[in-house]
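Peer 1: To start, I am sharing the structure in question, which I have written as C-alpha cells.
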Amino acid sequence: MPHVILKTSDFSREIFLNNLPVVYRLENYLVKFNTVFFDAKYETALVETLIIHNGRPQNFYCRITRHDNGKVVVGLDPLPKIERSPGVQMAVAGLGFWVKNRLPEAEITQTNLRRYLQVLECPREEQSEKFRELLTYYRKTVQRVQYRAIGARQVLAESEFLQPCHWDYLFGNKNPVEIEIGPGKGRFLLAEAEKRPEVNFFAIEWTGRYVRDLLTRLGRKRSPNIRIAHADAAHLFREWIPENSVQAVHIYFPDPWWKRRQAKYRLLTTELIQNLEKRLQARGTFCFATDIQDYFTRVLEMMKNFPNFEKAFERHYSPEDAENPNRSNFETKMRLKGRWIFEAHWVNWLGESITS
Ligand SMILES: C[S@@+](CC[C@H](N)C(=O)[O-])C[C@H]1O[C@@H](n2cnc3c(N)ncnc32)[C@H](O)[C@@H]1O
C-alpha cells in the first residue's frame, strides 16, 4: 500500500481551506486534488483525486488519517480498488508533500514513496508560473477527456452503515438532504438532482441491477449531489438515518405486494411511517404516488393515524393528462397501460414547537 507518514500533531481542515483544488504536473502525469470530505471529528479526510496520463483520466480517493500518537498517514483509500501505478503512487506522494508544506513541523518518516517526493521539489519562485501553465493545460485536457464513473464512493456499501451517518461528511457540504426510496432506473432522481443542485439527494435502492444501472447513468452525468445506498430502506430508516435531518422523502410507485405471504416485502408499513416522522425535519415533506387506487386509499388511511402529518396536497390525474409529465419510468409504463395516477404530499409538524 503506498503511503506517506508525516509526524505532526496538527492536522485540521484549515490546511485545506481556500487551497483546493490543487493541480500538479509530475513527470508526464497531471494530478488534481479536487475536494476534501472530512469525518465528523476531523480525524479522517478523503481527498478526491484525478490523474491524467496520456489523455486518460483516473479518479480515486486519497485518505489522510490522524492517529492518536500524532502521526498523520497519507495513503490510498481502498475504494474503488485500483492498480497502484506509478501515477497513483505519485499522487499519494504529492498529497503527502502538499500537506507537509502546510505543516512545517511535520517530518516525513519511513516512506516507500521518497523517490517520488524528489520530483516535487521545485524552487518556490518558479512555482506560480508553472501553476498557471498547468491550469491552462489542465483545462484544455479535461475538455477533451470523458470522465469515467465517479467511483465507488458514490455507492455506499453495507459496511459503511456500521458507522454513524453524517450527511455533511457524505456529501462534503451542509446542504439540505432529500431521500428517494426505490428510485428504480432513477429518472426522477437524476432530473431532480440536476434541477436543484443546492439539495443533496440520497437514494436507497435494494435491487443490485438498478444500482448498477444508476451508476452507469451517474457516470455519464456526473451529478455531485447524489449518493446511493444499496440497502433496505426500512433498515436504514430504523437504524441509521439521524432524527430531524431530512427535508423530504419521496416514494414513487412502490411494489404493492398484495398477497398475504408477500406482505413482509411491503415498503409502506406503520413502522416506516413512524420512522419517517422522526427522521424528517419539522415541516419536512413526504411525497407519494402510485397507480394503484386501493394502495393509495390504504396509505391515506394509515397516514390518518399520524396526527403530526398534515396532508398538504392530493391529486388524481388521467394517463393522458399533459399537465403532469411522467416523473419516472414506472409512471410512463403505467400511463401507457391507461392507468390513472394518485399522488399526495404530507407535511410533518413534529418538532415544530422545538425549532420555531
Ligand atoms: C416498482 S419500482 C418503482 C421504481 C421507481 N420509483 C419508478 O417509479 O420508476 C419499486 C422500486 O422500489 C425498490 N424497493 C422496494 N422496496 C425497497 C426497500 N425496502 N428498500 C429499497 N428499495 C426498495 C425496488 O427495488 C424497485 O426499484
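Peer 1: May I ask you to say which residue of ALA248, ALA234 is among the hydrophobic types (A, V, I, L, M, F, W, C), within 12 Å of the ligand (Cβ to nearest atom) and surrounded by 14 or more Cβ atoms within 10 Å (Cβ to Cβ)?
Peer 2: Criteria check complete, one pass: ALA234.
Peer 1: Does ILE181 fit the bill of being buried (at least 20 other Cβ atoms within 10 Å of the Cβ), closer than 28 Å to GLN58 by Cβ and within 15 Å of the ligand (Cβ to nearest atom)?
Peer 2: So ILE181 does not fit the description; no.
Peer 1: Just for the stretch 184-210: of the residues that are near the ligand (Cβ under 9 Å from one of its atoms), hydrophobic (A, V, I, L, M, F, W, C) and part of a helix (DSSP H, G or I), which one is farthest from ASP232 (Cα to Cα)?
Peer 2: Ranking the candidates gives PHE188 first.
Peer 1: Turning to a different aspect of this structure: What residue, among those in the stretch 340-356 that are touching a helix residue (DSSP H, G or I) at 6+ places or on another chain (Cβ under 9 Å) and modelled with pLDDT of 90 or more, is farthest from CYS287 (Cα to Cα)?
Peer 2: Only one residue fits best here, namely TRP340.
Peer 1: Can you list residue pairs whose Cβ atoms sit under 9 Å apart, with the first residue in the stretch 236-263 being more than 18 Å from CYS287 (Cβ to Cβ) and polar (S, T, N, Q) and the second being at pLDDT 90 or above and not in a loop (DSSP other than H, G, I, E, B)? Count only pairs 6 or more apart in sequence or on different chains.
Peer 2: Sorted first by the residue in the stretch 236-263, then by its partner, the pairs are ASN244/LYS278; ASN244/ARG279; ASN244/LEU280; ASN244/GLN281; ASN244/ALA282; ASN244/GLY284.
Peer 1: A further question follows. Mind checking which residues of the stretch 288-335 are part of a helix (DSSP H, G or I), within 13 Å of the ligand (Cβ to nearest atom) and aliphatic (A, V, I, L, M)?
Peer 2: Answer for the stretch 288-335, where residues must be part of a helix (DSSP H, G or I), within 13 Å of the ligand (Cβ to nearest atom) and aliphatic (A, V, I, L, M): just MET334.
The values are calculated or read from the model by the stated rules, or taken from the named source; none is laboratory data. As the structure is a computational prediction, the values presented were derived from the model and not from experiment. Every residue, glycine as well, gets a Cβ built from its backbone with ideal geometry; the counts of neighbours run over all protein chains shown.
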